[in-house]
Structure formats: structure tokens, C-alpha cells
Amino acid sequence: MRILGIETSCDETAAAVYDAEKGLLGHAIYSQEAHSAYGGVVPELASRDHVRKAIPLIEQALLEAKSSAEDITGVAFTAGPGLAGALLVGACIGRSIGFAWNVPTIGVHHLEGHLLAPMLESNPPVFPFVALLVSGGHTQLIKVARFGVYELLGESVDDAVGEAFDKTAKLLNLGYPGGAALAELAKKGDPHRFHFPRPMIDRPGLDFSFSGLKTFAANTITQFPLLDEPTRADIARAFQDAVVETLLVKCRRALRLTGWKTLVVAGGVGANWALRSALEKMVSLENSSVYFPRQVFCTDNAAMIAYVGCQRLLAGEQNSLAIQVYPRWPLTAIPITPQDANFKR
Ligand code: KG4
Ligand code: ZN
């Protein structure tokens, strides 16, 4: 089975080809630039850019995969959650290609894609595991018993961690989305100059709260009318250290609570250098392991969508001819695949 995957849920347009036997054969991503001037994603601009870029990216991924229409046996596209117009572009293109090429199609849950992105690596995690999903829209700890069986352990009660990174980055004049730029700036920061609070770590449970950290950053910044470069770096460092320690404490708690020994980190913030090294140290002390996708598959991509689509099509699922998207779609509401499904990596 060879699957063409399409991702258009937000501001990345992406296509990929995944083969059940051979693994990932090709992928292409375009990160839309039109939004940075507006300080956030403009849904209409995102949809228009997806319309322009999706077909050329599909052609590019097929070329890289040395595959033609005849080699493709199924099409997967992101069906939600995400921006309705943006999702519809991928769904219309995916469903139409499936119809034209006479192959089954499947709408994939974007977060299931993120969650299972580490499966694309040569040393993938083994079920069951605890997953930390840290993206621009979500911060969740999820119990993954097996493919398709997800139980929410905790989540952010306000801002997602990526959102907190982006808002703080904006306050530091780092553009949008500024999470990666903030992480880069933090490398030069003094970890001892400022101390930011670690929200909710003293409370029981596995929920998070990040909006207070952004406010703390705003209040710190207003103390410096002339915000020099070292001060910006020190604030970035203090903010990042607080986020990382908060995530670490909750991940360790989730591992101890479940008794499971494997942690998987997914989503855009999973690319963060400080988070990666702190979690690596923590799991070694806990006699556990942590798995990350490679950097390019932490953020939005179509390889993860093609992978999940492949597993679900192999399990016998497929969509009707109707083109449907689900802008709001809880991860725990996706269909549970049969236990004996013929999963392939
Ligand atoms: O998963 P993703 O690509 O899109 C969503 O589905 O949300 O995540 C994007 C988020 C943005 O908030 C971005 O600033 C953040 O991930 N991000 C980072 C880093 N790289 C991307 N945050 C912190 N450190 C990074 N290195
Ligand atoms: Zn995402």
C-alpha cells in the first residue's frame, strides 16, 4: 500500500508519499509567509495559499518518491481540527484525486498525526506510551495504549504552550510565529537574572496553565523601557526555563502515574532544544526513554498524515464520497481501529 498524504490544516501546505513496506518515500512542505505581517494566521490568506501550493507540492512529493498516479493506492488528508477553509482545500483535493485515480481516501486527525510522527523514525517507540503534545493550539498529556486508543490525562486550561511562546516572542519583537526565534535567543540568555513562576506544579493533577507566564513576561518587559539585547535574551531564557520545568514535572508525574516507561513528545514545541535535553535527562533518572520526531516532523507536515492514513486504510477504514472536515474534533472522539488490524510501520 502506497499513500499520498496532504496537510493543509493551518499555515503549512505539505504533501508526502508513505509506503507500508518501504516507509517514507518523499515529502515536501511550504511554510506560508503571508501571515507574519499580521502577527497571526489570517484564515482567508491561508486557504488561498493552500490552493496555490497544494498541487505543485503533491507533484514534488511524487517526484521525490519516484511514484506516479498508478503507484498510489490510497489518499490521506487532514480532516481536522484546524481552519475550516484551509482544511477544505486539502479535503477537496484529496477526495478528488482519490475519485480520479479510483483509490480509497481517508480523513486523518491532525493531532493523531503529530502523536505518531515518531513512528516515522528508524527507532520508533513501542506501545504503550505517554505522549506530550505541545503545539501552537494544544498542550496535552495523552495515554496511548495502542494505535487509535487515546485517553486524555491533562491539558492546558488556557493558552497552549506554543501560543505562550508566540505571544512572548511578539513582546520581545521576534516576529510571528516566534517560538523558534525565542528559543534561539534564549541560548544567549543568563539563566540566573530573572526567575519566572512554574505554574500549577504544586497542584495535583496533570493540567497546565501558561497564560500567566506570558503576563509575567509582559510585566518584566515593561520594567525596561530600553530593552537591550542581553535583557531580551535573559527574559527569553527565564521564560523558556519556566515552561520547560513545568512540562518536565508533569511528564514525570504522568510516567509515574501510569507506570509506563516510554514518553513520546510531539508537536511544534517538541523542536525546542531546552525541552529535548531536559526531558532526556529526566527519563534517564526515571529509568525510562523519550522519543522525538526529527525536527522537520515536529511541526506540521504531511508525512505524519500519510503514515496515519496508511494504518487506517490498512485497517479497512475509508471515507465515503462526501467531502467532510471537522474544524473542532477532540482526539478522543476518533474511531477506534480493530485490535487485530494489520499495522505496518
Ligand atoms: O505543531 P505546529 O507546527 O502547529 C500546530 O499544529 O500548532 O506547532 C507550531 C508551534 C508554534 O507556536 C511555534 O512557535 C512553536 O510550535 N515552535 C517552537 C519551536 N519551534 C516551533 N516553540 C519553541 N521552540 C521551538 N524551537
Ligand atoms: Zn500541528
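The values are calculated or read from the model by the stated rules, or taken from the named source; none is laboratory data. All figures in this text were calculated on a predicted structure; none of them were measured in a lab. Reconstructed Cβ throughout: ideal geometry from the backbone, glycine too, with neighbour counts over all protein chains shown. Side chains included, ligands, DNA and RNA excluded: accessible areas come from the protein's heavy atoms. Shrake-Rupley method; radii C 1.70, N 1.55, O 1.52, S 1.80 Å.
Once R0 is set to 45 Å, what does the formula 1/(1 + (r/R0)^6) return for the Cβ-Cβ distance between Ser284 and Glu33, expressed as a FRET efficiency to the nearest 0.05? Don't jump to the answer; show the numbers that get you there.
Numbers: r = 39 Å, r/R0 = 0.88.
After rounding, the FRET efficiency stands at 0.70.
Going by accessible surface with a 1.4 Å probe and the largest first, His138, His35 read His138, His35. Note on Ile55: accessible area approximately 80 square angstrom, rounded to 10, probe 1.4 Å, nucleic acids and ligands left out.
Rounded to the nearest 5, what % of the DSSP beta bridges within the chain are antiparallel ones? Walk me through the numbers on the way to the answer.
On the way: 26 of 43 bridges.
So the antiparallel bridges amount to about 60 percent of the total.
In percent, rounded to a whole number, the relative contact order of the range 1-141 is 24, using alpha-carbon pairs under 8 Å and six or more apart.
Helix-only arithmetic for the chain: the sum of -39500 (n - 2.57) across DSSP H runs with n ≥ 4, divided by the residue total, places the mean residue ellipticity at 222 nm at -12500 deg cm²/dmol.
Using a 1.4 angstrom probe on the protein heavy atoms only, line up Arg193, Arg237 by accessible area, largest first.
Numbers: Arg193 100, Arg237 50 Å².
Descending order: Arg193, Arg237.
For the residues Glu12, Glu112, Glu33, a GNM of the chain with alpha-carbon springs under 10 Å puts the largest fluctuation on Glu33. Pairing the Cα long axis of helix 229-258 with the longest principal axis of the chain, what angle in degrees results, from 0 to 90 and rounded to the nearest 10? It works out to around 60 degrees. Close amide H contacts of Tyr326 (hydrogens built in the peptide plane, cut-off under 5 Å, sequence separation of 5 or more or a different chain): Gly80. Solvent exposure of Ser36, expressed as accessible area, is near 70 Å², computed with a probe of 1.4 Å over the protein chains only.
For the range 40-162, a Kirkwood radius taken over Cα pairs fed into Stokes-Einstein (20 °C, viscosity 1.002 mPa s) yields D = 129 µm²/s.
A 1.4 Å probe over all protein chains sorts Lys187, Lys143 by accessible area into Lys187, Lys143, starting with the largest. Exposure check, 1.4 Å probe, all protein chains in place: Lys167 carries approximately 70 Å² of accessible surface. What is the helix-to-structure angle for 303-314, meaning the angle in degrees between its Cα long axis and the longest Cα principal axis of the chain, kept from 0 to 90 and rounded to the nearest 10? Computed tilt is about 40 degrees. Expressed in Å, the radius of gyration and Dmax of the Cα atoms of the chain are 20.1, 63.
Under a 10 Å cutoff between Cα atoms, tell me which one of Lys53, Lys22, Lys214 has the largest fluctuation in the Gaussian network model of the chain. Looking only at Lys53, Lys22, Lys214, the largest GNM fluctuation is found for Lys22. Per residue, the accessible area of the chain comes to 42 Å² when a 1.4 Å probe rolls over the protein heavy atoms.
Once the Cα atoms are used to define both axes, helix 84-101 deviates from the longest principal axis of the chain by about 30 degrees.
In the neighborhood of Phe127, defined by Cβ-to-Cβ distances under 11 Å, what is the net charge if each Lys or Arg adds +1 and each Asp or Glu adds -1? Spell out each step's value before the answer.
Details: positive: Lys143, Arg146; negative: none.
Neighbourhood net charge equals +2.
Contact order, relative form, for the range 128-292: 28 percent (alpha carbon pairs under 8 Å, 6 or more residues apart, mean separation divided by residue count). Distance from the Cα centre of the range 114-177 to that of the range 36-99, in angstrom? Between the Cα centres of the range 114-177 and the range 36-99 lies a distance of 22 Å. Contact order, relative form, for the chain: 25 percent (alpha carbon pairs under 8 Å, 6 or more residues apart, mean separation divided by residue count).
By the gyration tensor of its Cα atoms, with a ≥ b ≥ c the square roots of the eigenvalues, what is the shape of the range 128-292: rounded for a/c under 1.5, prolate for a/b over b/c, or oblate? Don't skip to the answer; put the middle values down first.
Numbers: a/c = 2.07, a/b = 1.93, b/c = 1.07.
Note, shape of the range 128-292 comes out prolate.
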